[in-house]
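Have a look at the structure that comes next, please.
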Amino acid sequence: MAGKTVTRADLCESVYQKVGLSRTESATLVEAVLKEITDCLERGETVKLSSFGSFVVRKKGQRVGRNPKTGKEVPISPRRVMVFKPSAILKHRINGKSVEGMADDED
């Protein structure tokens, strides 16, 4: 069930149509929000959007992996990864269930 991919341009257009800002102002607003989220994640901060979910940066330590073709062990260097955890409200909405009566803080 592959759906449509929503792009930055789609988000800008949606803001333009629903909020009433000009197209330029809508694009500026979308870019500012995305930049703020990106900057926070870069600093290792958690970004929590009520009724939507949380973006969390996690540290993964060095570990040994395996090349699937050769079976040879290779070291995987430590790195940071970003994880998205959807809120309970979002989970209910994508499954077509009612979200009435659910609190915003049920993530």
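Could you compute the FRET efficiency for Lys59 and Arg8, with r as their C-beta to C-beta distance and R0 at 35 Å, rounded to 0.05?
So the FRET efficiency works out to roughly 0.75.
Set the Förster radius R0 to 35 Å, insert the Cβ-Cβ distance between Arg43 and Ile94 as r into 1/(1 + (r/R0)^6), and round the FRET efficiency to 0.05.
0.75
How would you classify the range 48-95 from its alpha-carbon gyration tensor, with a ≥ b ≥ c the square roots of the eigenvalues: rounded for a/c under 1.5, else prolate if a/b is greater than b/c, otherwise oblate?
Oblate, because a/c is 1.5 or more while a/b does not exceed b/c.
Too long at a 23 Å Cα-Cα cut-off: which of Lys35/Lys85; Lys4/Lys97; Lys48/Lys91; Lys4/Lys69; Lys60/Lys85?
Check vs 23 Å cut-off fails for Lys4/Lys69.
Looking at Gly65, Gly44, Phe84, which one has the Cα that reaches farthest to the positive end of the dipole of the range 39-95 (charges on Cβ: Lys, Arg +1; Asp, Glu -1)?
Final value for the positive-end residue is Gly65.
Under a plain spin-label model, where a point goes 7 Å from the Cα along Cα-to-Cβ, how far apart in nm are Ser50 and Thr24?
3.4 nm
Determine the relative contact order of the chain: mean sequence separation of Cα pairs under 8 Å and six or more apart, normalised by residue count, in whole percent.
Computed over the chain, the figure is 19 percent.
Shifting gears a bit: Using a cut-off of under 19 Å, list every residue of the range 1-44 whose amide N is near the label point 7 Å from the Cα of Met82 along the Cα-to-beta-carbon line.
Of the residues in the range 1-44, 5-12, 28-44 have backbone N under 19 Å from the label point off Met82.
Any read-out appearing in this document is the output of simple, stated calculations on the displayed coordinates, not a laboratory observation. Here the structure is a predicted model, which is why all the values come from computation and not from measurement. All Cβ positions, glycine included, derive from the backbone under ideal geometry; neighbour counts span all protein chains shown.
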